[in-house]
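Notes follow once the structure below has been shown.
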Amino acid sequence: MLTKGEAAALLSLRNSHHGNAQWDDLQLDAFHAELRSDITADEAREALRRFYAADHEGRWCGSGDINAIVRRMRSEGRPTEAQIGRECEKRRLTASQSWEYRRRRMRGEAPDEAEKNVSPGRNIRQVETPDRHSNAARHRTGAPAPIGGTSLTTILKETR
């Protein structure tokens, strides 16, 4: 997260492109509040550099510009689905391992780190088939489940 001091330095750097214009506390508060909460100082400086490296005809770089550039920078670093698929094949991952690996890669983990963190065992998300005679199986098939060990048929017979 970008601190208020880092936002002040960024605001000063931005203003240096416009004749070292002065900023006040209100501008700093607004600028800091409008920046993405997960942005780092390095990302913000790089975004500012990229903005002014492109020709914007004297336009000032705003917090929205920085947010958009950081979003693009992050998506540029993300691998494509095809690339992840090739990585999974190369590493000979199972289907469940590939799913976990893909999730970790899309979150920004490096290939070796993602492979290391993929569990080699059974997929914990796999749904186990309930016993044929369990309450869950009866419920799914429409058969009445016993209430307190007594079947619905027995209860109905007793109330008649």
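Within segment 62-95, being in a loop (DSSP other than H, G, I, E, B) and closer than 23 Å to H17 by Cα holds for one residue alone: G62. Across segment 23-43, the qualifying residues are those that are part of a helix (DSSP H, G or I) and within 22 Å of the chain's Cα centre (by Cα), and the one among them that is nearest to A7 (Cα to Cα) is A41. One residue stands out in segment 69-119 among those that are within 17 Å of the chain's Cα centre (by Cα) and among the hydrophobic types (A, V, I, L, M, F, W, C): the one that is most open to solvent (accessible area, probe 1.4 Å), namely W99.
Restricting segment 44-61 to residues that are touching a His at 6+ places or on another chain (Cβ under 9 Å) and not in a helix (DSSP H, G or I), the residue that is least open to solvent (accessible area, probe 1.4 Å) is C61.
The values are calculated or read from the model by the stated rules, or taken from the named source; none is laboratory data. The structure presented is a predicted model; accordingly, all values stated were derived computationally and were not measured. Glycine also receives a Cβ, built like all others from the backbone with ideal geometry; neighbour counts cover every protein chain displayed. Calculation scope for accessible area: heavy atoms of the full protein, side chains included, ligands and nucleic acids excluded. Shrake-Rupley method; radii C 1.70, N 1.55, O 1.52, S 1.80 Å.
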